Amino acid sequence: MSLRLDLSTAFPRAVELTRGRTILGITGSPGAGKSTYAERLVRDLSTAGYAVALVPMDGFHLSQAALDERGLGPVKGAPHTFDAEGYVALLRRLREPDGSVVWAPRFDRTLEDPIAADIPVGPEVTLVVTEGNYLLYDQGAWATVRSLLDECWYLDLDEQVRHERLEARHRRFGRSPAEAHERTMGSDEANARLIAATAARADAVLRTSEPGLLRSAEQTG
Ligand SMILES: Nc1ncnc2c1ncn2[C@@H]1O[C@H](COP(=O)(O)OP(=O)(O)OP(=O)(O)O)[C@@H](O)[C@H]1O
Ligand SMILES: [Mg+2]
């Protein structure tokens with residue numbers, strides 16, 4: 001860890017990164033608040049006049065049909081249930097803007113499937129924020145991701161709060177209380193352990209448990 005950041009110093013640091021084409025990664029365990037925090041950061045930077053885009057790693061989930069065919073539905077969210085090579089290829093394109101719009105995929109939590117070419121990243125964008133589980137993971141194609149990020153922040157949230165939020169989100173998206181609990185403490189927790197082991201490679205660790213970080217948290221994925 002080479003940077004000391006908290007929620008108040010993270011924003012000015014992100015502003016410093018809006019020079020030329022820069023890629024900032026945000027990682028952390030399932031339910032740590034990556035999507036929520038990254039959306040908030042990008043919205044605040046956009047409001048302040050910076051050309052910023054948000055490209056979540058989640059867009060590279062394999063389709064539900066592809067997972068079902070391979071019997072991988074129960075472990076959806078594990079490292080091998082994503083197109084890691086596709087994500088690496090997109091990060092490479094984003095690092096070297098050629099004047100055209102790069103279209104990124106987006107994961108839709110209601111459909112439970114990715115949607116191709118849904119997020120435009122125009123040549124004017126100076127900072128691309130990308131967020132997801134395996135940005136610092138060092139196995140297979142994931143191992144290349146770190147070298148394509150200019151900086152990577154790890155979001156750290158109290159485990160009990162993280163479990164509660166994750167379980168509540170699973171219920172909100174249609175799972176029964178028992179299924180939500182099983183998912184949170186089962187496959188999500190196995191992934192959480194893999195991710196927690198990557199925290200030491202982050203440039204900064206941000207504690208996200210501060211209340212009031214988000215007023216519109218309920219609307220986010
Ligand atoms: N500061 C906050 N206060 C209250 N609730 C929050 C806060 N941040 C996030 N949440 C809620 O916690 C849940 C998990 O947050 P979020 O989806 O952003 O996590 P994530 O790290 O992106 O998870 P995943 O790895 O599963 O994509 C969401 O339902 C979100 O609305
Ligand atoms: Mg998320």
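Tabulated results
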quantity: Answer residue from the range 81-103, given it is touching a residue at least 12 places away in the same chain (Cβ under 8 Å), open to solvent by 30 Å² or more (accessible area, probe 1.4 Å) and among the hydrophobic types (A, V, I, L, M, F, W, C) and is farthest from ligand 2 (Cβ to nearest atom) among those; calculated: V101
quantity: Selection from the range 174-213 of residues that are in a loop (DSSP other than H, G, I, E, B) and within 30 Å of S8 (Cβ to Cβ); calculated: A197, T198, A202, D203, T208, S209, E210, P211, G212, L213
quantity: Every residue from the range 39-61 that is without any contact (Cβ under 8 Å) to a residue 40 or more places away in the chain and hydrophobic (A, V, I, L, M, F, W, C); calculated: A48
quantity: Qualifying residue in the range 67-79 (condition: touching a strand residue (DSSP E or B) at 6+ places or on another chain (Cβ under 9 Å), more than 28 Å from R171 (Cα to Cα) and not aromatic (F, W, Y)); calculated: no
quantity: Count of residues meeting criterion [open to solvent by less than 20 Å² (accessible area, probe 1.4 Å), under 21 Å from R169 (Cβ atoms) and not aliphatic (A, V, I, L, M)] in the range 109-132; calculated: 3
quantity: Residue in the range 133-143 that is least open to solvent (accessible area, probe 1.4 Å), counting only those that are in contact with a Pro (Cβ under 8 Å, 6 or more places away or on another chain) and within 15 Å of ligand 2 (Cβ to nearest atom); calculated: Y134
quantity: Residue list for the range 151-169, filter: more than 9 Å from ligand 1 (Cβ to nearest atom) and either surrounded by 14 or more Cβ atoms within 10 Å (Cβ to Cβ) or part of a loop (DSSP other than H, G, I, E, B) (or both); calculated: E151, C152, W153, Y154, D156, D158, E159, H163, E167
quantity: Any chance R106 is away from ligand 1 (no atom under 13 Å from the Cβ), under 24 Å from T144 (Cβ atoms) and open to solvent by 60 Å² or more (accessible area, probe 1.4 Å); calculated: no
quantity: Boolean, D68 is within 20 Å of L166 (Cα to Cα), among the acidic types (D, E) and at pLDDT 95 or above; calculated: no
quantity: Tally, over the range 116-132, of residues that are touching a residue at least 40 places away in the same chain (Cβ under 8 Å) and either among the charged types (D, E, K, R) or touching a helix residue (DSSP H, G or I) at 6+ places or on another chain (Cβ under 9 Å) (or both); calculated: 11
quantity: The range 24-57, subset crowded, with 20+ Cβ neighbours inside 10 Å and more than 16 Å from ligand 2 (Cβ to nearest atom), residue nearest to A180 (Cα to Cα); calculated: A53
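The values are calculated or read from the model by the stated rules, or taken from the named source; none is laboratory data. Since the structure is predicted, the reported quantities are computational estimates derived from the model, not experimental observations. With ideal geometry, Cβ positions are generated from the backbone for all residues, glycine too; neighbour counts draw on all protein chains shown. Ligands, DNA and RNA are excluded from the accessible area calculation, which covers all protein heavy atoms including side chains. Shrake-Rupley method; radii C 1.70, N 1.55, O 1.52, S 1.80 Å.
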